[in-house]
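Participant: This structure is in structure tokens; I'll ask about it shortly.
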Amino acid sequence: MNLNDQTAAALKKTRERRGVKVADLSEAMDLSLDALYRLESGKTGLGIRHIESAAERLGMTPRGLLSELASEVEKAHHERG
């Protein structure tokens, strides 16, 4: 699993943990549902321009979101051994 895939999985996990629906996050990020599904599946990358709007909808600061994504990626890396 590459870094893009890991970040995508971390975003999805963060969204689910915070109880935010795909439709709500896609609207906040000004993305179509399909575009957010592609992003969460790693088919497209998470752009910096989306961090602020995603963080706001998830009730986080951009720095907090990036930190959580990094923690999730690190955790997945260690679990794979």
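Participant: Scan segment 57-64 and tell me whether some residue there is in a helix (DSSP H, G or I), open to solvent by less than 80 Å² (accessible area, probe 1.4 Å) and touching a residue at least 12 places away in the same chain (Cβ under 8 Å).
Facilitator: No, there is no match, as no residue in segment 57-64 is in a helix (DSSP H, G or I), open to solvent by less than 80 Å² (accessible area, probe 1.4 Å) and touching a residue at least 12 places away in the same chain (Cβ under 8 Å).
Participant: Do you know which residues across segment 34-59 are over 15 Å from residue 16 (Cα atoms) and of a type in the set (Gly, Ala, Ser)?
Facilitator: Once the filter is applied, which keeps residues that are over 15 Å from residue 16 (Cα atoms) and of a type in the set (Gly, Ala, Ser), segment 34-59 yields 35, 42, 45, 47, 53.
Participant: Being of a type in the set (Ser, Thr, Tyr) and under 10 Å from the mean Cα position of the chain (by Cα) is the filter here, so list the residues in segment 12-40 that pass it.
Facilitator: Passing the criteria: only 14.
Participant: Across segment 13-26, what is the total count of residues that are in contact (Cβ under 8 Å) with a residue 24 or more places away in the chain and over 20 Å from residue 70 (Cα atoms)?
Facilitator: 1
Participant: Filter segment 25-56 down to the residues that are farther than 15 Å from residue 4 by Cβ, open to solvent by 20 Å² or more (accessible area, probe 1.4 Å) and assigned to a loop (DSSP other than H, G, I, E, B) and list them by number.
Facilitator: Within segment 25-56, 30, 31, 32 meet the criteria.
Participant: Please work out if residue 69 is in a helix (DSSP H, G or I), in contact with a Ser or Thr (Cβ under 6 Å, 6 or more places away or on another chain) and either loosely packed, with under 15 Cβ neighbours inside 10 Å or of a type outside the set (Gly, Ala, Ser) (or both).
Facilitator: yes
Participant: If you don't mind, another one. Give segment 1-24 a look and list any residue that's more than 26 Å from residue 77 (Cα to Cα) and either assigned to a helix (DSSP H, G or I) or among the polar types (S, T, N, Q) (or both), or say none.
Facilitator: Result: 23, 24.
The values are calculated or read from the model by the stated rules, or taken from the named source; none is laboratory data. Computed from a predicted structure; not experimentally measured. In this analysis, Cβ positions are derived from the backbone assuming ideal geometry, glycine residues included, and neighbour counts consider all displayed protein chains. Protein only, heavy atoms only, side chains kept; ligands, DNA and RNA dropped before computing areas. Shrake-Rupley method; radii C 1.70, N 1.55, O 1.52, S 1.80 Å.
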